[in-house]
Ligand SMILES: NC(=O)c1ccc[n+]([C@@H]2O[C@H](COP(=O)([O-])OP(=O)(O)OC[C@H]3O[C@@H](n4cnc5c(N)ncnc54)[C@H](OP(=O)(O)O)[C@@H]3O)[C@@H](O)[C@H]2O)c1
């Protein structure tokens, strides 16, 4: 087996948060490797753009991944070979100023929803004879950083639950790993880099001295979803240019 065009032929892979940024790149790459991709995001127009490019491979679900209707629809799938738990948010700010609303929003999407999506995915995965879950973490799942304690809390939880899920689900041949990116230019982070001091801070922290590209993240995601990673579970691929190695 190798990275060839048919890597995901006859495999169904769901990407939660697939309309923009990293999730869009993961969905696109899975389609390029011939998966049946279920791309989920709330903005229909983003999904439409993806479907036009890969009409044979992409199905769009314009849904909120925090909703009960989404969990039920996912659970009712006949099979599922791969899941990318990518939907996530950040609310940047010092602990002293964080509102309950921010705390609840980050915990709800980054932790609770990731757990609920995974829980719903188990049923169709049991029909698939093996499956792979990739949880989108962050370098902030390994370290702390100014103004990001709330986000760090959520991504440390993602790292922890990934290990626990890997242990619990191994008996079903369901592998669970994370991809942990450094900063990537996406709609979520673009506004942050308008601040010159922040820009300098980030580049000083990354030994490779560049931001990651969405395809850098999608490459690792593709590998972990595939049978090429069949003995890998309960761990993380840090795509961080060396940030956490300092
Ligand atoms: N960008 C970075 O530098 C970076 C670094 C490390 C880790 N990460 C992680 O990578 C993941 C993706 O980040 P990103 O920067 O690519 O985000 P993004 O640009 O904000 O894109 C997020 C995608 O998820 C969808 N989404 C968000 N909430 C959703 C919901 N409730 N239901 C359905 N879809 C939803 C959005 O579409 P709709 O709004 O249309 O629903 C959008 O398509 C996150 O988990 C983030 O924490 C990002």
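The values are calculated or read from the model by the stated rules, or taken from the named source; none is laboratory data. Everything numeric here is computed off the predicted structure, so don't read it as measured data. For neighbour counting, all protein chains shown are included, and Cβ atoms are generated from backbone atoms with ideal geometry for every residue, glycine included.
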Practice item. Name the single residue, out of those in region 149-188 being within 12 Å of the ligand (Cβ to nearest atom) and surrounded by fewer than 16 Cβ atoms within 10 Å (Cβ to Cβ), that is nearest to residue 105 (Cα to Cα). Key: 188
**Study point:** Test: residue in region 11-23 that is over 17 Å from residue 109 (Cα atoms), surrounded by 20 or more Cβ atoms within 10 Å (Cβ to Cβ) and free of Cβ contacts under 8 Å to residues at least 60 places away in the same chain
**Key:** no
Exercise for review: Please specify each residue of region 1-30 satisfying the condition of being within 9 Å of the ligand (Cβ to nearest atom) and over 23 Å from residue 129 (Cα atoms).
Suggested key: 17, 18, 19, 20, 21, 22, 23, 24, 25
Review point. Could you list, in sequence order, the residues of region 31-52 that are within 15 Å of the ligand (Cβ to nearest atom) and in a helix (DSSP H, G or I)?
Key: 44, 45, 46, 47, 48, 49, 50, 51
Exercise for review: Output yes when any residue across region 53-67 is surrounded by 15 or more Cβ atoms within 10 Å (Cβ to Cβ), in a loop (DSSP other than H, G, I, E, B) and more than 12 Å from the ligand (Cβ to nearest atom), and no when none is.
Suggested key: yes
Point to revise | region 194-216 residues that are without any contact (Cβ under 8 Å) to a residue 12 or more places away in the chain, paired with ones that are away from the ligand (no atom under 14 Å from the Cβ) (beta carbon under 6 Å, 6 or more apart) | key: 203/209
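Looking at 93, 88 in this structure, which one is over 22 Å from residue 174 (Cα atoms), over 15 Å from the mean Cα position of the chain (by Cα) and not in a helix (DSSP H, G or I)? Don't jump to the end; show me each part of the working.
Working: 88 fails: over 15 Å from the mean Cα position of the chain (by Cα).
Exactly one of 93, 88 is over 22 Å from residue 174 (Cα atoms), over 15 Å from the mean Cα position of the chain (by Cα) and not in a helix (DSSP H, G or I), namely 93.
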Check your understanding: When both residues are 6+ apart or on different chains and their Cβ atoms are under 9 Å apart, which pairs have a first residue that lies in region 52-72 and is closer than 19 Å to residue 110 by Cβ, and a second that is at pLDDT below 95?
Key -> none
Review point. Any residue in region 87-96 that is crowded, with 22+ Cβ neighbours inside 10 Å, touching a residue at least 24 places away in the same chain (Cβ under 8 Å) and touching a strand residue (DSSP E or B) at 6+ places or on another chain (Cβ under 8 Å)?
Key: yes
Practice item. Could you please let me know if residue 220 is in contact (Cβ under 8 Å) with a residue 24 or more places away in the chain, within 24 Å of residue 4 (Cα to Cα), away from the ligand (no atom under 16 Å from the Cβ) and buried (at least 19 other Cβ atoms within 10 Å of the Cβ)? Key: no
